[in-house]
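Presented below is the structure to which this report refers.
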Amino acid sequence: MTTQEWITRGAAHVAKTYGRYPLVVERGEGCRLWDVDGKSYLDFLAGVAVNNLGHCHPKVVAALQQQAAQLIHCSNFFHIPAQIELAELLCERSFGDRVFFCNSGAEANEAAMKLVRKYSAEKFGTDRFEVITALASFHGRTIGTISATGQDKVKAGFNPLLPGFHYVPFGDAEALRQAITPRICAVMLEPVQGEGGVRVAPPGYLAEVRRICDENDLLLIFDEVQVGCGRTGTLFAYEQDGVAPDVMTLAKALAGGPPIGAMVATEKVAECFGPGSHGSTFGGNPLMATAALAAMRTLVEDGVLDNCVAMGNYLRRRLDELKNRYPFIKEVRGRGLILGMELSIPGADIVKQALEQGLLINCTANTVLRFLPPLIVTPEEIDQALAILDGVLQNI
Ligand code: PLP
């Protein structure tokens, strides 16, 4: 079937929740995707920060194939070796002591929000359940996580939302301090805002937030769903600020493609979740946990983080060169291989033209082109992508 035939079929029965591009993806390898017509694309979106190891990484594929033939799923009523090993790996490599597994970023954030409520209810009473989050944040699409999200556009039409969220400007520690009342139990932030326009926490901000949380007995949640798992050049983004949260959420790249989410927490906080407090049928099942174990081991053992730092610097330098040439590019920012190019014009048309020329990127917050290539990207692939982008920008 051709691209157009698939698009026509999809229009009939698939929910219309995405503004999709006219690209029907058939196959992927490394940093490239191929459509059903055989055309190839450089993928600098990576499934929105999912394919950090590129498409179909051989170690993830081998782990999935082997595990699929052995055991795909069993209930969390039983012990699952790969899940145990994955929890060990995540705790060895982070501040955390315990991990709850689920299936997506939104679910990981739901788990985090339940956990901080329960902790606070047991310690301080049930009136203390409110959470401070940031304006322009993004935490998911469930009722709970759109309530937490600091963007009106995701909330329209879904009232009543969950009460008890307060939004403060990202990067403004004083505003956060002012927002604290006796009803607040936690602060939830992305160390780098992804959907909000690739905004890195200003130097010292997260340390100050940690201090404020400690002074007020508040728990600190870092949503690393988009920027965890190596995207910023360290396994977790918080490491670069030298500030550990009490709770961290992960998903997207955790299994190198297959769906999995995780909530990592310190023992002090995790302790309040006992049997029956929370659960998920699929969370951390044998197939997903095995894939995640392979993906995380590859990330930390195969030099992928070093490549992310080196290629992040290189891509940033190349994007800065474009900034010097095109007056409508206002700023290039980000960390590692999550980079944003803020324009003084809308970015949607540039994304569309780049796709036509064989480069996949996207645009957040209307005017910010976002670059999220796989962390295994090479200088040659960056050069190819930049040549395409340059060609597109020349015609704007
Ligand atoms: N949190 C952040 C920071 C995200 O970027 C996203 C998705 O883009 C989510 C949560 C929601 O993740 P999911 O789509 O897996 O539910």
So, relative contact order of region 294-396 in percent, Cα under 8 Å, 6 or more apart, is 26 percent
Of the residues Cys229, Thr364, Met311, the Cα lying farthest along the dipole of the chain towards its positive end, which is defined by charges on the beta carbon of Lys, Arg, Asp and Glu, belongs to Thr364
At 10 °C and 1.306 mPa s, the Stokes-Einstein diffusion coefficient in µm²/s for region 71-301, with hydrodynamic radius from the Kirkwood sum on alpha carbon pairs, is 90 µm²/s
For the chain, inverting the pair-averaged 1/r of distinct alpha-carbon atoms gives a Kirkwood value in Å of 21.7 Å
Taking the alpha-carbon centre of each part, the distance from region 147-204 to region 219-256 in Å is 17 Å
For the chain, averaging the sequence separation of alpha carbon pairs under 8 Å that lie six or more residues apart and dividing by its residue count, the contact order in percent is 22 percent
Residue-normalised 222 nm signal for the chain, counting each DSSP H run of n ≥ 4 as -39,500 (n - 2.57), nearest 500 deg cm²/dmol, is -11500 deg cm²/dmol
Judged on accessible area alone, 1.4 Å probe, highest first, Arg210, Arg177 line up as Arg177, Arg210
Computed about the Cα centre, the charge dipole of the chain from +1 Lys/Arg and -1 Asp/Glu charges at the Cβ has a magnitude in debye, to the nearest 20, of 700 debye
Ranking Ile350, Ala69, Gly284 by how far each Cα lies towards the positive end of the charge dipole of the chain (+1 on Lys and Arg Cβ, -1 on Asp and Glu Cβ), the top one is Ile350
With DSSP loop assignment and no more than 15 other C-beta atoms within 10 Å, the chymotrypsin sites (Phe, Trp or Tyr not before Pro) in region 129-235 are Phe158
To the nearest 20 debye, region 1-144 has a Cα-centred charge dipole, built from +1 on Lys and Arg Cβ and -1 on Asp and Glu Cβ, of 260 debye
Per residue, accessible area of the chain with a 1.4 Å probe, heavy atoms of protein chains only, in Å², comes to 43 Å²
Rounded to the nearest Å, the spacing of the alpha-carbon centers of region 14-67 and region 289-342 is 18 Å
With +1 on the Cβ of every Lys and Arg and -1 on the Cβ of every Asp and Glu, the dipole magnitude of region 124-251 about its Cα centre, in debye rounded to the nearest 20, is 360 debye
Residues meeting the amide H criterion for Leu372 (H placed from the backbone, H to H distance under 5 Å, 5 or more places apart or on another chain) are Leu45
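Report, to the nearest whole %, how much of the accessible area of the chain belongs to carbon and sulfur atoms, 1.4 Å probe, protein only.
Carbon-and-sulfur percentage of accessible area, whole number: 54.
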Heads up, region 335-396 by the C-alpha gyration tensor (a ≥ b ≥ c square roots of eigenvalues; a/c under 1.5 rounded, else a/b over b/c prolate, else oblate) looks oblate
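The values are calculated or read from the model by the stated rules, or taken from the named source; none is laboratory data. Predicted, not measured: the structure shown is a model, and the values here were computed from it. In this analysis, Cβ positions are derived from the backbone assuming ideal geometry, glycine residues included, and neighbour counts consider all displayed protein chains. Note: areas computed on protein heavy atoms with side chains; ligands, DNA, RNA excluded. Shrake-Rupley method; radii C 1.70, N 1.55, O 1.52, S 1.80 Å.
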